[in-house]
Amino acid sequence: MAQRTVTVASRVGLHARPAMIFTQAVAESGVPVTIAREGGEPVDAGSILFVMGLGVPHGEAVTLAADGPDADRVLDELVTLLATDLDAPEAGAPAAGATP
Amino acid sequence: MTPAVQSPTVLRGVGVGRRGVVGPVAQVRPAPHVAADAPLLVDGVPADAATAHTRVEQAFTDVAVGLRDQAGRASGTVADVLAATAQMADDRALRAQVLAKVDAGEPVVSAVDGVVTMFATMFERAGGYLAERVTDLRSVRDRVVARVLDLPAPGVPELTEPSVVVARDLAPADTAALDLRHVLAIVTELGGPTGHTAIIAGQLGLPCVVRVSGVTDLADGTVVAVDAADGTVTTDPDDEQRAALVARAEVERTLAADTAPGGTSDGHLVALLANIGTAEDAERVGPTAVEGVGLFRTEVLFLERTTAPTVEEQTEVYERTLRALGDRKVVVRTLDAGADKPLAFATQPDEENPALGVRGFRLVRTNPDLIDTQLAALAAAQQATGARPWVMAPMIATPAEARDFAARARAQGLAQVGVMVEVPAAALRAREILAEVDFVSLGTNDLAQYAMATDRLRGELADLLDPWQPAVLDLVAATARAGLELGKPVGVCGESASDPVLALVLVGLGVTSLSMSAGAVPAVRYALRHHTAEQCRAMADAALVAGAAPEARAAVVALLHSSVRSTLGL
């Protein structure tokens, strides 16, 4: 089981657009990944509902975990993503999840 | 058609905007009412678990695809919200958990309900943005259940004629499915004036009344008059009411057709701006023809809290506001708490005259962190957005206070710094105040309260608070004159700017921008467009020589272009 702990850089926290970009990246990786807040239960990191439901604010650390041969590579990519401010206008995928 | 014998019923709610229309009711179909253990029948026999699995999986896919298609046809915020709702329908955890229950033999409706309720509870507990998403989650649930059981899709009916769309509450997905060519108005039983439905109706320019109890009991086709200005829905309106709404709509259409920058008929430009209180307000006025925001009241961020909001919390709100207005002007007013707006963490206990006490910028004497935090947050939002917000402080009485505020704001890197002129002392010394800052903005409500020594909350003294009081106009004139001499902008952001007649006087006095509720802009723009700068000056002179407020107004009305008088019903 590979694990990484990373601080969420997006200013709005892991909500809305940042949550959408992150869960899409998890889904595209094809590797089952979990995400947990400190001391919390791990949940499916590919689920927008679970990830938003965690309500992770800006600046809080989360722990990602995965198994298998690709786990380290995928986790490293996801850590880079979370360490980026995904709410900046130029970040990530098209702005489908801009805060309504 | 049988003659209407019963008297019209008037249902009351909260209006959004000021337009009114008459049309037949079209009820949005509510969620399917099916028992949690309703059997899933295939060819008349209950389906086995494997068939149920396939049907449920297909239903989720169909709903997600349908929502994504709708998102593709929509634009702006509506498209964003639809895409987010589609992603919920596509969510792999939602789907996996429902399918696990179905595989275990649980009835499909109960399985979908159970999992959606689990997520909804989680969102509601988190509050804020997430709690607002629960409506979208429920709309996914309703669509999936209807799809699995082969029931008509819940939501908006197909509109065949211009109609008043009525719903218990409208999910953004429902709003997006509306054929806008046939929507006259939106009325909901639930929701609030700042909720999704109201925001979207505002963006679409539709009259909207929310929180109208009993409206979902009306039969389809019932003719109603919807008056957003009054917040009423009247069944079977009489001819008089119809005629009044038709006339109002005609005028509104004429006025709203002009979206050019505000100015006099001879090209003297006067920026017409909106007053707002929240980032949501900014997103609502963003698509309208206002030239920016002349007053962003930031109190909402601070009210009903036990501690001050953090830099991060404030920055997020300021960023959203600045982004909503793009490269247009935004004037942010720092916290104006005290008096009628007490704060748990800043208000002085036992003030005998709070309106004359430690309020507005004066809080710097007791809580300097409040203002410095606010300025830092605004500077961070400026940095993040590349916008150039203007900032001003309320309740400034002396040039020294203006200098202190300007130094604090400039130290944070804010370039356009101004102060409110609402204390008579500041109006009388406007030249010295303006020497310290880049602009001033007149708050005519407080200026009248302090000039006339009249509490704004005493209804029986309302005549003394009239902004047409010559003494108040003298103070405005003195301030505007100082601005003209120093070549610095002097705005008005009080209620007086929204009176199209008084707006002409303000412009005649030398005021350079007018900020008001966004709905008041078209009438002011229209009045300005039909007079020259010279005519505005003549009106200002006429108002200043009048002996009393009613005479001042009458003198100016007499000078109005006759077509303006009749269009505005003066």
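What follows is calculated from the coordinates using simple rules that are stated; it is not laboratory data. Quick caveat: nothing in here was measured; it's all calculated off a predicted structure. Note that each Cβ is placed from the backbone with ideal geometry, even for glycine, and that neighbours are counted across all protein chains shown.
Modelling each spin label as a point 7 Å along the Cα-to-Cβ direction, I'd like the B:LEU356/B:ARG529 distance in nm, to one decimal.
Here the answer is 4.7 nm between the modelled labels.
Run through the DSSP bridge list for the protein assembly as shown and note the antiparallel percent, rounded to the nearest 5.
Around 45 percent of the beta bridges assigned by DSSP in the protein assembly as shown are antiparallel ones.
Quick one: which residues, 5 or more positions from B:VAL183 or on another chain, have an amide H under 5 Å from its amide H? H modelled 1.01 Å from N in the peptide plane, none for Pro or chain starts.
Counting only residues 5 or more places away or on other chains, the set is B:SER163.
Provide the gained length on full extension for the span B:LEU269 to B:ALA36, in nm with one decimal, where the gain is 0.36 nm per separating residue minus the Cα-Cα distance.
77.5 nm
With only alpha-carbon atoms in the gyration tensor, what are the semi-axes of the equivalent ellipsoid for the protein assembly as shown, in Å, largest first?
49, 34, 19
Please give the length that would be gained between B:ALA400 and B:GLN383 if that part of the chain were fully extended, namely 0.36 nm times their separation in residues minus their C-alpha to C-alpha distance (nm, one decimal).
This chain segment gains 3.3 nm when fully extended.
Using only Cα atoms and rounding to the nearest 10 degrees, what angle (0 to 90) does helix A:16-29 make with the longest principal axis of chain A?
30 degrees
Under a Cβ-Cβ cut-off of 11 Å, what is the net charge of the residues other than B:VAL285 that fall near it, where Lys and Arg count +1 and Asp and Glu count -1?
Around B:VAL285, the charge tally is -2.
Counting pairs of alpha carbon atoms under 8 Å apart in space and at least six apart in sequence, what relative contact order in percent does chain B give?
Contact order relative to length: 13 percent.
According to the Kirkwood expression over distinct Cα-Cα pairs, how big is the hydrodynamic radius of the stretch B:230-374, in Å?
18.5 Å
What FRET efficiency, computed as 1/(1 + (r/R0)^6) with R0 = 22 Å and r the Cβ-Cβ distance, is obtained for B:ALA435 and B:ASP372, rounded to the nearest 0.05?
My answer for the efficiency is 0.40.
Could you state the principal axis extents of the C-alpha atoms in the stretch B:253-567, from the largest down, to the nearest angstrom?
That works out to 54, 42, 35 Å along the principal axes.
Say each of B:VAL10 and B:HIS182 gets a label point 7 Å from the Cα, pointing the same way as Cα to Cβ; how far apart are those two points in nm?
3.2 nm
Per residue of B:115-122, what is the mean number of Cβ atoms on other protein chains within 10 angstrom of that residue's Cβ?
2
Under the rule that an exposed site lies in a DSSP loop and has at most 12 other Cβ atoms within 10 Å, name the longest stretch of chain B with no GluC sites (Glu not before Pro) of that kind, not counting the sites themselves.
Longest stretch, sites excluded: B:353-570.
Let me know the volume per residue of the alpha-carbon convex hull for chain A, in Å³.
83 Å³
How big is the Rg/Rh ratio for chain B, C-alpha atoms only, Rh by Kirkwood, two decimals?
1.04
Report, to the nearest 10°, how far helix B:76-89 tilts away from the longest principal axis of the Cα atoms in chain B, using its own Cα long axis and a range of 0 to 90°.
It is inclined by approximately 30 degrees.
Rounded to the nearest 10 degrees, what's the angle between the helix B:549-559 long axis and the longest principal axis of chain B, both from Cα atoms, 0 to 90?
80 degrees
For peptide A:50-57, compute the average count of partner chain beta-carbon atoms within 10 Å of each residue's beta-carbon.
5
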